[in-house]
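Scroll down for the structure; my scribbles are underneath it.
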Amino acid sequence: QVQLVESGGGLVQAGGSLRLSCAASERTFRSYAMGWFRQTPGKEREIVAAITWSGGSTYYADSVKGRFTISRDNAKNTGYLQMNSLKPEDTAVYYCAADLRYGRTPYEYNSWGQGTQVTVSS
């Protein structure tokens, strides 16, 4: 497991942009797939995007395709989620996660950050 710390959340108007960062504590992060998930009260945590350890393959939820971009810089042990054209329905706590598996469900990830709040106002 690795320790993960998210940053970059905040309040933004609809149509605006934010970039989330996920800093890992260990160089082994570069061997892990990474995912971004989000959760709102009363709902299950859902995947937003995922990326393989090399960055060679990515996955996006349909709701964010064309608006969000996942990336990583293994030299910096950091992953990113660029969020453009934000909508009020994107409001949630966003979590980054890492695991050797390149999964699409939260059950496939063993390392989690503490979460960062993203609020999009209409």
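The values are calculated or read from the model by the stated rules, or taken from the named source; none is laboratory data. Every value quoted in this text rests on a predicted model; they were computed, and no experiment measured them. Every residue, glycine among them, receives a Cβ derived from its backbone with ideal geometry; neighbour counts consider all protein chains shown. Heavy atoms of the whole protein, side chains included, go into the accessibility calculation; ligands, DNA and RNA do not. Shrake-Rupley method; radii C 1.70, N 1.55, O 1.52, S 1.80 Å.
Here the label points at Ser71 and Arg30, each 7 Å from Cα along the C-beta direction, are separated by 1.8 nm in the simple model. Surface listing: Trp53, Trp112, Trp36 arranged by accessible area from highest to lowest gives Trp53, Trp112, Trp36, probe 1.4 Å. As a length-normalised measure over Cα pairs under 8 Å and 6 or more apart, the relative contact order of the chain settles at 37 percent. Put a plus charge on the Cβ of each Lys and Arg, a minus charge on the Cβ of each Asp and Glu, and nothing anywhere else: the dipole of the chain about its Cα centre is then about 200 debye. Within the accessible area of the chain, what % is carbon and sulfur when the probe is 1.4 Å and the other protein chains stay in place? On the chain, the fraction of accessible area on carbon and sulfur atoms equals 47 percent.
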